[in-house]
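Colleague: My questions will all concern the structure given below.
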Amino acid sequence: MAAPPRRRKKPPEPEEHDNHERWLVTYADMLTLLMVLFIVMFAMSQVDEAKYNALKSGLAEGFGAESSIMTGSTSVLQDNLAEKGPDYLSSQAFQAMPADQQQLVQAAVTAEERRRLQAQYAEAAAEAERLEAVRDRLMRALRAAGLAKDVQASIDDRGLVVSLVSRHVVFEPNIAQLSGRGERVVDTLSAVLRDVPNALRIDGHTNQEPVKPRFFATDWDLSAARAVTVLRRFNELGGVPKKRLSLSAFGHERPLIDPDTPGSQEINKRVDIVVLPQTSFEATQLIDDVMDARPGGQGAEG
């Protein structure tokens, strides 16, 4: 019997070699995309209206959108320039622009500056109206208690300023203790102001008499002590939260009326309760202008 034929062994398949350079393809693609991105950014940085409009149309068409979707200002870059304000108009970058582009940027800056000022004025007007409402509430409460003639209330860039000016209200010479009538005034004010969210600053003042206070080292100390007296009464008896209270001491440096006016000593020796505005610094500076523009001007009540 014949032996079965031997099976031939299959030749070994060649080994596959790992391609260790495949990452170069991905790396090259990434570099290409980055190059395209930087070219687009460089083209936009030239603030060229024609280039920007061409790019805008190309992007809109490429994404299947109408170019009107991206309409608005002439250039997004010009809007950003406008936000930098008038200082940009004196920069080297602005001076390097062609004349037609300078006109466009200047118009954008002017429009943005006008819009910003209008917004600040509107903010100041709204705050002035709210402070006037607070002043009306305070004066009604004081009139009901028969104390309206003991204070003066005005609105300026400090806020709503309520001055305790009557000689019956404030302090005897050289001391920092409120009179009985003064305590009634402070209590009447605190009943209204504890429900007002604004911060309150208590300003202490002395009169202009060139005499050293008997119980205090200087006028600064005396005016500070008087402010502390009112502040503590607002908090401890009036229920005004501590976090809303602060004080300042001015000695005799800020008289309410001319020191040469007869009787000015009694008025300039006072405490001011200042209801501080809840506005930005820029808007706060415009409150005076808002009040002056009202019929009859600013005016003080009391």
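Colleague: If you keep only loop residues by DSSP, which chymotrypsin sites (Phe, Trp or Tyr not before Pro) in region 198-302 have at most 12 other Cβ atoms within 10 Å of their Cβ?
Modeller: Sparse-neighbourhood loop chymotrypsin sites (Phe, Trp or Tyr not before Pro): Phe215.
Colleague: Please state, rounded to one decimal and in Å, the Kirkwood hydrodynamic radius that region 193-302 gives when every pair of distinct Cα atoms enters the mean of 1/r.
Modeller: Taking the inverse mean of 1/r over all distinct Cα pairs, region 193-302 comes out at 15.7 Å.
Colleague: In addition: Report Lys269's accessible area, 1.4 Å probe, all protein chains in place, as a number in Å² to the nearest 10.
Modeller: 20 Å²
Colleague: For Thr26, Thr261, give me the order by solvent-accessible area with a 1.4 Å probe, most accessible first, ignoring ligands, DNA and RNA. Can you show the working numbers first?
Modeller: Numbers: Thr26 95, Thr261 55 Å².
So, going from the largest accessible area down, we get Thr26, Thr261.
Colleague: Just the number: Rg to Rh for region 153-254, Cα atoms, Kirkwood Rh, two decimals.
Modeller: Answer for region 153-254: 0.96.
Colleague: Would you kindly derive the ³J(HN,Hα) couplings of region 264-273 from the backbone phi angles with the Karplus curve 6.51 cos²θ - 1.76 cosθ + 1.60 (θ = phi - 60°), listing them in order in whole Hz, with x for Gly and Pro?
Modeller: For region 264-273, the Karplus curve yields 5, 4, 5, 7, 6, 7, 7, 10, 9, 9 Hz.
Colleague: How much of Leu222 can a 1.4 Å solvent probe reach, expressed as accessible area in Å² and rounded to 10?
Modeller: Probe radius 1.4 Å; accessible area of Leu222 about 10 Å².
Colleague: Under 5 Å between amide hydrogens, which residues at least 5 positions from Leu245 or on another chain qualify, with H placed 1.01 Å from N in the peptide plane?
Modeller: Here Leu200 satisfy the definition.
Colleague: Shifting gears a bit: Can you tell me, using C-alpha contacts under 8 Å and at least 6 residues apart, the relative contact order of region 107-225 as a whole percent?
Modeller: Worked out over region 107-225, it gives 18 percent.
The values are calculated or read from the model by the stated rules, or taken from the named source; none is laboratory data. All values derive from a computational prediction rather than experimental measurement. No Cβ is skipped: glycine too gets one built from the backbone with ideal geometry, and neighbour counts run over all protein chains shown. When the accessible area is computed, the model is the full protein with side chains, heavy atoms only, and any ligands, DNA or RNA have been set aside. Shrake-Rupley method; radii C 1.70, N 1.55, O 1.52, S 1.80 Å.
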